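S.K.: First the structure, then my questions, so here it is.
The values are calculated or read from the model by the stated rules, or taken from the named source; none is laboratory data. Since the structure is predicted, the reported quantities are computational estimates derived from the model, not experimental observations. Ideal geometry is used to build each Cβ from the backbone, glycine not excepted, and the neighbour counts take in all protein chains shown.
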């Protein structure tokens, strides 16, 4: 079952298009939703929660159509919003316990569950302090706790490391990684690509409301290519490699070769032998996830 399935999703705010013809299917696990501010990340999360109704498109969350079963979807999904939303005059235990009660747990069970979750996020000793006295890092942990207190199948995290110092950011990323141990899938929205690299195994890149590319982290993160300077029949080698599905660019005697189906080294070796060409030098280049974000669509490494 797909974690999320979206087809031809479009949403506008007046004359501003937030999402345009978004079609997407992602598996269970930890999914990173990356894009600049204004790319449409928060709009997509709110539509997946049923908080916004798109102008057009079909949405399934955990195999359920959002338009027909919104309450069932919400009961199985947790949400950690980006902005300030906690009551300053309540304790962490009271607030997270109340969130558990809203999810249907009896009062005593909700209190016990809140205590367990606050321990999980590192706030066991601070659980009886007022939220107004909490630091930014502690507030983010409480927001995560209320999102998972009802044991959801999926949790949507909107910029969970926003405003945190380096130590707090690292702690939050470790907590996100741990959610998988409890069978909770994650859709993690951020504009910081390195956070995705540390936590996720699938990536969706948004830009100006459109999907740039989507796929497993490993496939988008590194695109190995070989650069070589050739002695001999350059045109013949280019033709030989291209006929076998390789992407080849040539500048004089220097070739840049990438191949997604099999080992690029083996292909280049066989091509050199077949065309009786030699090499002056050979090296390897890689494309990082951040570099992949800025590649033109036709150079999509997926």
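S.K.: Within segment 84-101, identify whether any single residue is in contact with a helix residue (DSSP H, G or I) (Cβ under 9 Å, 6 or more places away or on another chain), loosely packed, with under 14 Cβ neighbours inside 10 Å and in a helix (DSSP H, G or I), and answer yes or no. Lay out the reasoning, then the answer.
M.R.: If we filter segment 84-101 for residues that are in contact with a helix residue (DSSP H, G or I) (Cβ under 9 Å, 6 or more places away or on another chain), which is where we start, we get 84-101.
Still in the running and loosely packed, with under 14 Cβ neighbours inside 10 Å: 84-85, 87-89.
From what is left, the residues that are in a helix (DSSP H, G or I) are none.
For segment 84-101, residues in contact with a helix residue (DSSP H, G or I) (Cβ under 9 Å, 6 or more places away or on another chain), loosely packed, with under 14 Cβ neighbours inside 10 Å and in a helix (DSSP H, G or I): absent.
S.K.: So, residue 36, is that one surrounded by fewer than 20 Cβ atoms within 10 Å (Cβ to Cβ), within 22 Å of residue 198 (Cα to Cα) and touching a residue at least 24 places away in the same chain (Cβ under 8 Å) or not?
M.R.: On the way: surrounded by fewer than 20 Cβ atoms within 10 Å (Cβ to Cβ): yes; within 22 Å of residue 198 (Cα to Cα): yes; touching a residue at least 24 places away in the same chain (Cβ under 8 Å): yes.
So residue 36 passes the test.
S.K.: Scan segment 102-115 and give yes if some residue there is touching a helix residue (DSSP H, G or I) at 6+ places or on another chain (Cβ under 8 Å), in contact (Cβ under 8 Å) with a residue 60 or more places away in the chain and within 24 Å of residue 171 (Cα to Cα), otherwise no.
M.R.: No: zero hits.
S.K.: Of everything in segment 137-166 that's at pLDDT below 90 and over 11 Å from residue 188 (Cβ atoms), which residue is surrounded by the most Cβ atoms within 10 Å (Cβ to Cβ)?
M.R.: 164
S.K.: Quick test of your reading of the structure: residue 85 fulfils all but one of (1) closer than 30 Å to residue 12 by Cα; (2) touching a strand residue (DSSP E or B) at 6+ places or on another chain (Cβ under 9 Å). Name the failing condition by number.
M.R.: (2)
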